[in-house]
1. Nearest 10 degrees is fine. How inclined is helix 72-84 to the longest principal axis of the chain, computing both from alpha carbons?
2. Treat each spin label as a single point 7 Å out from the Cα along the C-beta direction, and report the ARG72 to ASP106 distance in nm.
3. Stretch THR145-ALA85 to full length: gain in nm at 0.36 nm per residue minus the Cα-Cα span?
4. What relative contact order, as a whole-number percentage, does the chain give when Cα pairs under 8 Å and 6 or more residues apart are counted?
5. In a Gaussian network model over the chain where Cα atoms closer than 10 Å are linked, find which of ARG74, ARG32, ARG60 has the largest mean-square fluctuation.
6. Considering only ALA78, ALA134, ALA22, give the residue with the highest GNM mean-square fluctuation for the chain, with springs between Cα atoms whenever their separation is below 10 Å.
7. Taking only Cα atoms and a 10 Å spring cutoff, compute GNM fluctuations for the chain and point out the largest among SER52, SER62, SER23.
8. What is the helix-to-structure angle for 10-38, meaning the angle in degrees between its Cα long axis and the longest Cα principal axis of the chain, kept from 0 to 90 and rounded to the nearest 10?
Amino acid sequence: MVVMTRWLDPDEQRTWRAFLTASRALMDTLDRELQHDAGMPHAYYEILVRLSEASGHQLRMSELAELTGSSRSRLSHAVARLEAAGWVRREECPTDRRGQIALLTDAGFATLSAAAPGHVEGVRRHLFDALSPAQVDQLRRISETLAEHLTRS
């Protein structure tokens, strides 16, 4: 069976390239700012945020990997770095000896609390301030549609 490639038309190509460029530039900028201001990459910030929002400031490592979009090995490496900084602690899961739980420490919560205002200001400055309220609404709806489509399987 021959499969015909559905090539992008010029408008779709421009849209795709603009999306890639904007997404990368935004994430690179936010990452650079977090590195400079808080001494951590965005990936570590995301781990701290997810733990801070979880009940008891703790999550199973497998759930944390899923929430952050990380592989288990990448998350394990990141959590090891966060442990070395004193921001996260790992414990054995009491209900499953194969599992581990990541817990946000008081020092990790303090670090996150100190980093959050600058990061939120960066998100506002680099994303929301550049868009009209209608564009923000469109971006949310488009992002929700894509997230639902891509996580359905």
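Here, each number is a calculation from the coordinates, and none is a lab measurement. All values reported here derive from a predicted model rather than from experimental measurement. A quick note on method: Cβ atoms are made from the backbone with ideal geometry, for glycine too, and the neighbour counts reach across all protein chains shown.
1. 50 degrees
2. That separation, rounded to one decimal, is 3.3 nm.
3. 17.9 nm
4. Values: 115 pairs, mean separation 31.1, N = 153.
Dividing the mean separation by the residue count of the chain yields 20 percent.
5. Most flexible of the set in this elastic network: ARG74.
6. ALA134
7. SER23
8. With rounding to tens, the tilt is 30 degrees.
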